[in-house]
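Here's the structure we're looking at; comments come further down.
The values are calculated or read from the model by the stated rules, or taken from the named source; none is laboratory data. Note that the structure is predicted; figures quoted are calculated from it, not measured. Neighbour counts are summed over all protein chains in view; Cβ atoms, including those assigned to glycine, are modelled from backbone coordinates with ideal geometry. Ligands, DNA and RNA are stripped out before the accessible areas are found, and what is left, the full protein with its side chains, is counted by its heavy atoms. Shrake-Rupley method; radii C 1.70, N 1.55, O 1.52, S 1.80 Å.
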Protein chains: 4
Amino acid sequence: MKPVVVLNFKTYLESTGANALKLARICSEVAKSTGANIVVVPQLADLRLIASSVDIPVYAQTVEAIKPGSSTGHVLPEAVREAGASGSLLNHSECRLKLADIDASIVKLRELKMTSIVCTNNISVTRAAAALEPDFVAVEPPELIGSGVSVSKSQPEVITGSVDAVRKVSGKVGVLCGAGISTGEDFKKAVELGTGGVLLASGVVKAKDQRAALLELVKGVY
Amino acid sequence: MKPVVVLNFKTYLESTGANALKLARICSEVAKSTGANIVVVPQLADLRLIASSVDIPVYAQTVEAIKPGSSTGHVLPEAVREAGASGSLLNHSECRLKLADIDASIVKLRELKMTSIVCTNNISVTRAAAALEPDFVAVEPPELIGSGVSVSKSQPEVITGSVDAVRKVSGKVGVLCGAGISTGEDFKKAVELGTGGVLLASGVVKAKDQRAALLELVKGVY
Amino acid sequence: MKPVVVLNFKTYLESTGANALKLARICSEVAKSTGANIVVVPQLADLRLIASSVDIPVYAQTVEAIKPGSSTGHVLPEAVREAGASGSLLNHSECRLKLADIDASIVKLRELKMTSIVCTNNISVTRAAAALEPDFVAVEPPELIGSGVSVSKSQPEVITGSVDAVRKVSGKVGVLCGAGISTGEDFKKAVELGTGGVLLASGVVKAKDQRAALLELVKGVY
Amino acid sequence: MKPVVVLNFKTYLESTGANALKLARICSEVAKSTGANIVVVPQLADLRLIASSVDIPVYAQTVEAIKPGSSTGHVLPEAVREAGASGSLLNHSECRLKLADIDASIVKLRELKMTSIVCTNNISVTRAAAALEPDFVAVEPPELIGSGVSVSKSQPEVITGSVDAVRKVSGKVGVLCGAGISTGEDFKKAVELGTGGVLLASGVVKAKDQRAALLELVKGVY
């Protein structure tokens, strides 16, 4: 698989509604022009609009381990898929899930042929998440999220430790990393350390020039 | 205000995705043909599609008391409004909220000029919710939700008690009722008991003929 | 009722285990020597030990709206009462509860003849909480908690606004205030503004000399 | 290690307060008379009383991944230890925890030299929990909890599958099983399938004659 850039739109106004669509189009154009593998992760309210407007993969920020029926206000995996998502983050540090719900959500996403990325906060939790056999784990030391200090530079041992731990548990689970990622060098370093790519948000979303920031990032590898 | 029918789509497959759009169109057509005041409450993933396809009001099933920024997986009120919602349920029995979050969500919806409906489970909680001055409270005895036994027939004293309690707290807060509502008679009785309308889901969503069920309901009052 | 000092032990090590017992004894002695009305609120693990060792009232930090049976890890009101608590905080800013659970917990505490104190964060939420008719509401502007800046000095209008709001809702509900309370002057001011007393924690628990700090506080009124 | 019986007192009135102490004494006496390894897991409000009254190990029903300080209403591991607990359940089906919190709680219990038992609901979650290296995992198919239908008889493959999965992940993690366990035969079967013992509640707590029920259970192995 080509190294992936997973861009989490979070709930920034710079990536909400019309801004979300604009940013997704930038991502799509950069993916086309550079050959980069880019996934966008908008808010649920924007998911269908974006999925119907761009060719790159669109993931949900979370789904819930619920069945169709009486779950007002919750996120039904089937609804997310029908809206155009081909995958979902799970257990993001801003949306932590119970262990049994991560397991049930991975199983449900697998049934729906959707990609699952389980976010984790350290090597031990990465190993546990990998044991559930999602498509990817994405390790993000919480103290670095949104810090501007890149995990790939400042805590490379967390990345290599995670890669090693995951390999021992399963040959099928990919490893991403995140937290503080913003430059091409960060991305390159992450790939050199054995990951399949990076998960980031503010480094691009909050950049003065989102396209320039994304191009700068992508060019570290592509 | 004309008596309102608020139709909660919940997470039924019969009201998800393409089915949600179909049902919303039925609601819009029935509203037009009968003059009834109908509000649809789809899942978040379907909200924008429906809001851009029908003329009747579209509400969210919940919003969260968060500010723009780092809240991956959560429901930003601004995102919901930009997607086309003009109101939101809050504190539905399947999505109960903390007291302080109900308050903050009502304030935020008011700022965004969106309508708030706070669901409650008994007279005492109705009085508390009314003290927060949402646009509406919607009292739903939990044991009757989805039961097919109508609150307006089986527990009229909960409705009149709620109406009285709310009037003492505020002259501006409307009262709806729900739980087991499905027939025109249920709707009529609810209005006679002093409410501004009804909140329902399965009575229409799970009906063999959704249009017929909705027409039957609406004709109790319109 | 004599103005009350409700001392929340939180989960400070200075008020855990043997330290909790020591602090409760100080409170009991100060109550006796000054005639002050002091309530201690230790952690659940320390509750029975303290209740069996001192004569002043001992409250729980929270209870849960559960029935006896299958609720491993949760706080059964009946268990708390049997351990010696005569009341409980509810909805503390560090342990916010869902609206319906606050209501159910107040009802259960009333059945058990235990005192309920519902913590709130602003005038609007205070009014809502009062509508549930607990024995007390305790308004604590969250930004002042643990700040050392007293609510009674810096936001007297929140206190008087809360007192007014509660009086309109119910003649039976007392009002306390908290956040940043530490001196006798803070306590005196709170009482002058119409409250029945204060809720505090760090001002006494974290003081170098807990007894001296408590005496200084109490002497503002006693 | 001798096969263990972990008796969860849950929040049954039959195992609350004075009843809890009586039941703990029965457990202690049966342990002495039979040589069985019995652990009692009372509610937090009863923990210190029981720990100071019996010689067998006393565990908490849960702890929380919090640090000392501002966590009103929460369960500080240090407080639980000082009250006399030498271990804790984590992630019981009635008290599910977030993945990162299970990890942090295990680490904290280890620091405090307390035993950790992580409850799980299937083989996959068991494997994930084992990757966090608690002292024990306890697999309990949720549909059998409180059912009277024993997991060791009706789903032996879940037990052997869990034992196999755990051994692949770690040589240090013990496996218990639970759900529907009540007879000596259930216990014996569980041990034959490779577990280190059983976790149960209602089979003893709700028995007409708790001592007789416990003796009957224990005699399957001792």
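Residue check, D:I102 against (1) under 20 Å from D:E14 (Cα atoms); (2) in contact with a helix residue (DSSP H, G or I) (Cβ under 8 Å, 6 or more places away or on another chain); (3) β-branched (V, I, T), all met but one. Which one?
Result: D:I102 fails condition (1) only.
Between B:V198, B:V163, which is assigned to a strand (DSSP E or B) and either β-branched (V, I, T) or open to solvent by 50 Å² or more (accessible area, probe 1.4 Å) (or both)?
Values: B:V163 fails: assigned to a strand (DSSP E or B).
None of the others qualify; the one that does is B:V198.
Here are the criteria: (1) in a helix (DSSP H, G or I); (2) more than 14 Å from chain A (Cβ to nearest Cβ). Tell me which single one B:L176 does not satisfy.
With respect to (1) in a helix (DSSP H, G or I); (2) more than 14 Å from chain A (Cβ to nearest Cβ), B:L176 is out only on (1).
From D:V151, D:V158, which residue is more than 11 Å from every other protein chain (Cβ to nearest Cβ) and over 22 Å from D:F9 (Cβ atoms)? Before you say what the answer is, go through the steps one by one.
Details: D:V151 fails: over 22 Å from D:F9 (Cβ atoms).
That would be D:V158, the only listed residue that is more than 11 Å from every other protein chain (Cβ to nearest Cβ) and over 22 Å from D:F9 (Cβ atoms).
Out of region C:132-146, which residues are more than 15 Å from C:L176 (Cα to Cα) and within 12 Å of another protein chain (Cβ to nearest Cβ)?
Listed by number, the residues that qualify are C:L132, C:G146.
Per-residue answers, yes or no, for (1) within 24 Å of B:R127 (Cβ to Cβ); (2) among the aliphatic types (A, V, I, L, M):
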residue: B:I145; (1), (2): yes, yes
residue: B:V158; (1), (2): yes, yes
residue: B:I181; (1), (2): yes, yes
residue: B:T195; (1), (2): yes, no
residue: B:A201; (1), (2): no, yes
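I'd like the full set of residues that are part of a helix (DSSP H, G or I), surrounded by fewer than 24 Cβ atoms within 10 Å (Cβ to Cβ) and either within 9 Å of chain D (Cβ to nearest Cβ) or not hydrophobic (A, V, I, L, M, F, W, C) (or both), limited to region A:122-131. Give the derivation first.
Applying the first criterion (part of a helix (DSSP H, G or I)) to region A:122-131 yields A:123-131.
Of the ones still in play, those that are also surrounded by fewer than 24 Cβ atoms within 10 Å (Cβ to Cβ) are A:123-124.
A:S124, the sole residue that qualifies.
For region D:115-157, which residues satisfy the criterion of being among the acidic types (D, E) and under 23 Å from D:A207 (Cα atoms)? Before you say what the answer is, go through the steps one by one.
Within region D:115-157, the subset among the acidic types (D, E) is D:133, D:135, D:140, D:143, D:157.
Hits for region D:115-157 are D:E140, D:E143.
Condition first: open to solvent by less than 10 Å² (accessible area, probe 1.4 Å), facing chain C (nearest Cβ under 7 Å), part of a loop (DSSP other than H, G, I, E, B) and without any contact (Cβ under 8 Å) to a residue 40 or more places away in the chain. Now tell me which residues in region D:70-92 satisfy that.
Once the filter is applied, which keeps residues that are open to solvent by less than 10 Å² (accessible area, probe 1.4 Å), facing chain C (nearest Cβ under 7 Å), part of a loop (DSSP other than H, G, I, E, B) and without any contact (Cβ under 8 Å) to a residue 40 or more places away in the chain, region D:70-92 yields D:T72, D:L76, D:A83.
Before we move on, is C:K67 part of a loop (DSSP other than H, G, I, E, B), on the phi > 0 side of the Ramachandran plot, open to solvent by 40 Å² or more (accessible area, probe 1.4 Å) and out of contact with any Cys (no Cβ under 6 Å at 6 or more places or on another chain)? Working first, answer last.
Values: part of a loop (DSSP other than H, G, I, E, B): yes; on the phi > 0 side of the Ramachandran plot: no; open to solvent by 40 Å² or more (accessible area, probe 1.4 Å): yes; out of contact with any Cys (no Cβ under 6 Å at 6 or more places or on another chain): yes.
Here the answer is no, as C:K67 does not meet what is asked.
Spot the failing condition for A:I159; the list is (1) over 30 Å from D:S162 (Cα atoms); (2) touching a strand residue (DSSP E or B) at 6+ places or on another chain (Cβ under 7 Å), and only one is missed.
The single condition A:I159 does not satisfy is (1).
Pull up region B:136-160, narrow it to residues that are part of a helix (DSSP H, G or I) and among the small types (G, A, S), then point me to the one that is most open to solvent (accessible area, probe 1.4 Å). Walk me through how you get there before you give the answer.
Of the residues in region B:136-160, the ones part of a helix (DSSP H, G or I) are B:142-144, B:151-154, B:156-160.
Okay, now just the ones that are also among the small types (G, A, S), so B:152, B:154.
On the way: B:S152: 0, B:S154: 54 Å².
Looking at residues that are part of a helix (DSSP H, G or I) and among the small types (G, A, S), I get B:S154.
With open to solvent by less than 10 Å² (accessible area, probe 1.4 Å) and either away from chain D (no Cβ under 14 Å) or at pLDDT 95 or above (or both) as the only criterion, which of C:L99, C:L112, C:L193 stands out?
Numbers: C:L112 fails: open to solvent by less than 10 Å² (accessible area, probe 1.4 Å); C:L193 fails: open to solvent by less than 10 Å² (accessible area, probe 1.4 Å).
Testing whether each residue is open to solvent by less than 10 Å² (accessible area, probe 1.4 Å) and either away from chain D (no Cβ under 14 Å) or at pLDDT 95 or above (or both) leaves just C:L99.
Being of a type in the set (S, T, Y) and away from chain D (no Cβ under 13 Å) is the filter; apply it to region C:6-62 and report the residue that is least open to solvent (accessible area, probe 1.4 Å). I'd like the intermediate steps shown before the answer.
Of all residues in region C:6-62, those of a type in the set (S, T, Y) come to C:11-12, C:15-16, C:28, C:33-34, C:52-53, C:59, C:62.
Those left that are additionally away from chain D (no Cβ under 13 Å): C:28, C:33-34.
Values: C:S28: 15, C:S33: 91, C:T34: 38 Å².
Top of the filtered list is C:S28.
Do we find that A:R96 is over 20 Å from B:D46 (Cα atoms), touching a strand residue (DSSP E or B) at 6+ places or on another chain (Cβ under 7 Å) and of a type in the set (D, E, K, R) in this structure?
yes
Which condition number does A:G17 fail, the rest of (1) modelled with pLDDT under 95; (2) more than 20 Å from D:L99 (Cβ to Cβ) being met?
(1)
Among the residues of region B:93-113, which ones are assigned to a loop (DSSP other than H, G, I, E, B) and either at positive phi or free of Cβ contacts under 8 Å to residues at least 40 places away in the same chain (or both)? Break it down into steps so the answer makes sense when it comes.
Keep residues of region B:93-113 that are assigned to a loop (DSSP other than H, G, I, E, B), which gives B:93-97, B:112-113.
Scanning region B:93-113 gives B:C95, B:R96, B:L97, B:L112, B:K113.
Check region C:204-222 and report whether any residue there is open to solvent by less than 30 Å² (accessible area, probe 1.4 Å), touching a residue at least 24 places away in the same chain (Cβ under 8 Å) and aromatic (F, W, Y).
The answer is no, given that none of the residues of region C:204-222 is open to solvent by less than 30 Å² (accessible area, probe 1.4 Å), touching a residue at least 24 places away in the same chain (Cβ under 8 Å) and aromatic (F, W, Y).
Return the residues of region D:170-183 that are open to solvent by less than 50 Å² (accessible area, probe 1.4 Å) and either over 17 Å from the mean Cα position of the chain (by Cα) or not small (G, A, S) (or both); say none if nothing qualifies. Break it down into steps so the answer makes sense when it comes.
Narrowing region D:170-183 to residues open to solvent by less than 50 Å² (accessible area, probe 1.4 Å): D:170, D:173-183.
Answer for region D:170-183, where residues must be open to solvent by less than 50 Å² (accessible area, probe 1.4 Å) and either over 17 Å from the mean Cα position of the chain (by Cα) or not small (G, A, S) (or both): D:S170, D:V173, D:V175, D:L176, D:C177, D:I181, D:T183.
Only residues that are in a strand (DSSP E or B) and not polar (S, T, N, Q): list them for region C:1-56, please.
Filtering region C:1-56 for residues in a strand (DSSP E or B) gives C:4-8, C:11, C:37-41.
Once the filter is applied, which keeps residues that are in a strand (DSSP E or B) and not polar (S, T, N, Q), region C:1-56 yields C:V4, C:V5, C:V6, C:L7, C:I38, C:V39, C:V40, C:V41.
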